[in-house]
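Q: First the structure, which I've put down as structure tokens, then a few questions once you've had a look.
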Amino acid sequence: IVVAMGDCLIAARDCNGIRPLSLGQITEGPSAGTWVVASETCAMDIVGATNVRDIAPGEIWIGTRGGKTHSIRLSGPAQERFCVFEMVYFARTDSRLCEQSVYIYRLALGKLLAERDKTLLPPNAVDMVIAVPDSGTTAAIGYSQASGVPFVEGLIKNRYVGRTFINPSEGIRQQGLRLKLNPLTDVLSGKRVVVIDDSIVRGNTSRRLVALLKEAGVAEIHLRVSSPPVKHPCFYGIDMSDPEELIANHQNESQLKDWLGVDSLAYLPLEGLEQAFLATRAPGQSCKACFDNDYPAGVPSGAKTTLEPRDTIMLA
């Protein structure tokens, strides 16, 4: 929460630190001394502010125009359980979250995928690595660096279309994808391609993407996902509210491969998300509820976080 009130700026973060909140200050020019609060550090670069630190979990920070600051800690245990989906997908690549570069983190995810693929998909079995832009691009570069398979720009993104998975209906999501991505047929035709995506949520966007690539003449499609299967909803700010909608609850990896129409499919295991963090960050300091069903701040009363076997529905 950020509040601007008179000459006072107030910033508060929940005790688990699930969402990011950073504090910065403009140090030069006529606005020198001005405090800046933003959800991502890339916003500070735009206004010429220097990132000072993260607002701590459970902290209420108060700053004044004169430069004075005051910090209050909320009662109760403050523990950092930062949302790992921010690092995987939601944050901008040029931000720093939890004192770590999002770019370096996603690069590490791609390298871990490539290491896992050394026995599953040898480098001589494919011609190129492409990304689902933009959130899959950095992981694709990491995969290329670790595997030696060249990274190629195979999908061109329309910069004027928003994120498709948060659109309210399937029809709008499908229309958004057609407007958002265009394959480079001259580059892709006849090629064996590794496609790197950051996540698979509902699955329909991935299925349409595979169809686009096949229309472009791709000979083989090997889909790699730089996160584990999303099986549980999020109640903390990411639009994944119903376990019924999540494709990983309806199909295992082998079934999903056939449903998507790819030649192979592999996810990054859950432990890979922790491995990608810097060594200075202790294991277990992130919220991975959408992957492991462990909700650090609880869930709404009566909310359904997982499907019982009888609820599982196989998709046609």
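Q: Could you tell me how many of the residues in the range 20-35 are closer than 29 Å to Gly76 by Cβ and either touching a Gly at 6+ places or on another chain (Cβ under 6 Å) or open to solvent by 60 Å² or more (accessible area, probe 1.4 Å) (or both)?
A: 1
Q: A further question on this structure: Tell me, yes or no, whether the range 36-45 has at least one residue that is at pLDDT 90 or above, closer than 23 Å to Ala297 by Cβ, surrounded by fewer than 18 Cβ atoms within 10 Å (Cβ to Cβ) and not small (Gly, Ala, Ser).
A: Looking for residues that are at pLDDT 90 or above, closer than 23 Å to Ala297 by Cβ, surrounded by fewer than 18 Cβ atoms within 10 Å (Cβ to Cβ) and not small (Gly, Ala, Ser), one finds none in the range 36-45, hence no.
Q: Name the single residue, out of those in the range 200-224 being more than 19 Å from Thr185 (Cβ to Cβ) and of a type in the set (D, E, K, R), that is modelled with the highest pLDDT.
A: Result: Arg224.
Q: Is the range 283-292 home to any residue that is within 30 Å of Leu179 (Cα to Cα), open to solvent by less than 50 Å² (accessible area, probe 1.4 Å) and at pLDDT 95 or above?
A: yes
Q: Among the residues of the range 14-33, write down those that are of a type in the set (Ser, Thr, Tyr), assigned to a loop (DSSP other than H, G, I, E, B) and either touching a strand residue (DSSP E or B) at 6+ places or on another chain (Cβ under 7 Å) or at pLDDT 95 or above (or both). Even if it seems obvious, please write down each step before you answer.
A: First, pick out the residues of the range 14-33 that are of a type in the set (Ser, Thr, Tyr): 22, 27, 31.
This time we only want the ones that are assigned to a loop (DSSP other than H, G, I, E, B), so: 27, 31.
Result: Thr27, single match.
Q: Turning to a different aspect of this structure: Among Gly67, Gly17, Gly48, which is the only one that is in contact (Cβ under 8 Å) with a residue 40 or more places away in the chain and either at positive phi or in contact with a helix residue (DSSP H, G or I) (Cβ under 8 Å, 6 or more places away or on another chain) (or both)?
A: Values: Gly67 fails: in contact (Cβ under 8 Å) with a residue 40 or more places away in the chain; Gly48 fails: in contact (Cβ under 8 Å) with a residue 40 or more places away in the chain.
Every option except Gly17 fails the conditions.
Q: Counting just the residues of the range 111-153 that are touching a residue at least 60 places away in the same chain (Cβ under 8 Å) and over 19 Å from Ser199 (Cβ atoms), which one comes out most open to solvent (accessible area, probe 1.4 Å)?
A: Among those that are touching a residue at least 60 places away in the same chain (Cβ under 8 Å) and over 19 Å from Ser199 (Cβ atoms), it is Leu120.
Q: Based on this model, can you work out whether Ile60 counts as under 27 Å from Leu181 (Cα atoms) and either in contact with a Leu (Cβ under 8 Å, 6 or more places away or on another chain) or open to solvent by 40 Å² or more (accessible area, probe 1.4 Å) (or both)?
A: When the stated conditions are applied, Ile60 does not pass them.
Q: Taking Val210, is it outside any helix (DSSP H, G or I) and either open to solvent by less than 20 Å² (accessible area, probe 1.4 Å) or among the basic types (Lys, Arg) (or both)?
A: Numbers: outside any helix (DSSP H, G or I): no; either open to solvent by less than 20 Å² (accessible area, probe 1.4 Å) or among the basic types (Lys, Arg) (or both): yes.
No, not satisfied.
Q: Another one. For the subset of the range 67-109 comprising residues that are open to solvent by less than 40 Å² (accessible area, probe 1.4 Å) and more than 14 Å from the chain's Cα centre (by Cα), which member is nearest to Ile200 (Cα to Cα)?
A: The selected residue is Arg81.
Q: Using beta carbons and a limit of 6 Å, which pairs, at least six apart or on different chains, have the first residue in the range 255-276 and in a helix (DSSP H, G or I) and the second one of a type in the set (Val, Ile, Thr) and buried (at least 22 other Cβ atoms within 10 Å of the Cβ)?
A: Taking only residues 6 or more apart or on different chains, the pairs are Leu273/Val84.
Q: So Asp186 ticks every box in (1) surrounded by 21 or more Cβ atoms within 10 Å (Cβ to Cβ); (2) of a type in the set (D, E, K, R); (3) more than 30 Å from Leu21 (Cβ to Cβ) but one. Which box is left unticked?
A: Only one criterion in (1) surrounded by 21 or more Cβ atoms within 10 Å (Cβ to Cβ); (2) of a type in the set (D, E, K, R); (3) more than 30 Å from Leu21 (Cβ to Cβ) is unmet by Asp186, namely (1).
Q: Condition test on Ile60, is it part of a strand (DSSP E or B), in contact with a Lys or Arg (Cβ under 9 Å, 6 or more places away or on another chain) and over 19 Å from Ser286 (Cα atoms)? So that I can check it myself, show each step before the final result.
A: Numbers: part of a strand (DSSP E or B): yes; in contact with a Lys or Arg (Cβ under 9 Å, 6 or more places away or on another chain): yes; over 19 Å from Ser286 (Cα atoms): yes.
Here the answer is yes, as Ile60 does meet what is asked.
Q: So for the range 245-263 (the condition being closer than 30 Å to Ser301 by Cβ, in contact with a strand residue (DSSP E or B) (Cβ under 8 Å, 6 or more places away or on another chain) and open to solvent by 20 Å² or more (accessible area, probe 1.4 Å)), does at least one residue qualify?
A: Within the range 245-263, none of the residues are closer than 30 Å to Ser301 by Cβ, in contact with a strand residue (DSSP E or B) (Cβ under 8 Å, 6 or more places away or on another chain) and open to solvent by 20 Å² or more (accessible area, probe 1.4 Å).
Q: Let me ask you something else. Could you list, in sequence order, all residues of the range 107-124 that are modelled with pLDDT under 95 and hydrophobic (A, V, I, L, M, F, W, C)?
A: Answer for the range 107-124, where residues must be modelled with pLDDT under 95 and hydrophobic (A, V, I, L, M, F, W, C): Leu120, Leu121.
The values are calculated or read from the model by the stated rules, or taken from the named source; none is laboratory data. Since we're looking at a predicted model, the values are computed, not measured. Neighbour counts run over all protein chains shown; Cβ positions are idealised from the backbone, glycine included. Areas reflect the complete protein model, heavy atoms only, side chains present, ligands, DNA and RNA absent. Shrake-Rupley method; radii C 1.70, N 1.55, O 1.52, S 1.80 Å.
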